[in-house]
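Participant: What follows is a single structure, and I will ask about it in a moment.
What follows is calculated from the coordinates using simple rules that are stated; it is not laboratory data. Keep in mind that what you see is a predicted model, and the values were worked out from it rather than measured. Neighbour counts run over all protein chains shown; Cβ positions are idealised from the backbone, glycine included.
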Amino acid sequence: MCCDRNRTRRNCASWERTRRRSSTSSERSVTASFTVRVEARFEAAHFLREYRGISEPLHGHSYKVEAELAARGGGVDDDAIAVDFVSAKRKLETLAKRLDYGCINDVAPFDTVNPSAENIAEWFHQELSVAVAAENAIVTAVTVWEGPVNAVTYVPANAK
């Protein structure tokens, strides 16, 4: 039976039983790695400068960005959590809001760097890496979807 809402989880007998069973998390952290995936969506316009000799016309996409994260050591913490989903998703959504319903070309660094899907994926990787660093998490990959069928994945050379 689930814990009573009026009781803290540490006072709950079922939580204590689960806690004892998950004591193998330290063992798992040595033998396995876990990837946490979060996503955010945003709508934005952009154009590529001097793409094949001409500037592309302004157009928009329904973007989806997926980030894959792992604990710095690859395993899980004492609570059997690799990376906090809620915190990681919130940080990714905060970044997506910087681009949402605007022209990506107007947002630094895309005011000087072409806002290709590749550059957008790398930007999300860099920004999210800084945002989650204090949580002992690393961003292992970022995929940016320009609509439902076209996507690019950025994986840094030093990933895992």
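Participant: Of the numbered conditions (1) over 16 Å from Ala40 (Cα atoms); (2) touching a His at 6+ places or on another chain (Cβ under 8 Å); (3) exposed (fewer than 15 other Cβ atoms within 10 Å of the Cβ), Pro115 satisfies every one except a single condition; which is it?
Facilitator: (3)
Participant: Can you tell which of Ser62, Ser55 is surrounded by fewer than 16 Cβ atoms within 10 Å (Cβ to Cβ), in contact with a Gly (Cβ under 8 Å, 6 or more places away or on another chain), polar (S, T, N, Q) and over 15 Å from Ala134 (Cα atoms)?
Facilitator: Of the residues listed, the single one that is surrounded by fewer than 16 Cβ atoms within 10 Å (Cβ to Cβ), in contact with a Gly (Cβ under 8 Å, 6 or more places away or on another chain), polar (S, T, N, Q) and over 15 Å from Ala134 (Cα atoms) is Ser62.
Participant: Would you call Thr94 under 29 Å from Gly73 (Cα atoms), surrounded by fewer than 20 Cβ atoms within 10 Å (Cβ to Cβ) and polar (S, T, N, Q)?
Facilitator: Criteria met by Thr94.
Participant: While we're on this one: So, in segment 132-160, of the ones that are of a type in the set (Gly, Ala, Ser) and in contact with a strand residue (DSSP E or B) (Cβ under 9 Å, 6 or more places away or on another chain), which residue ends up surrounded by the most Cβ atoms within 10 Å (Cβ to Cβ)?
Facilitator: Here the residue is Ala137.
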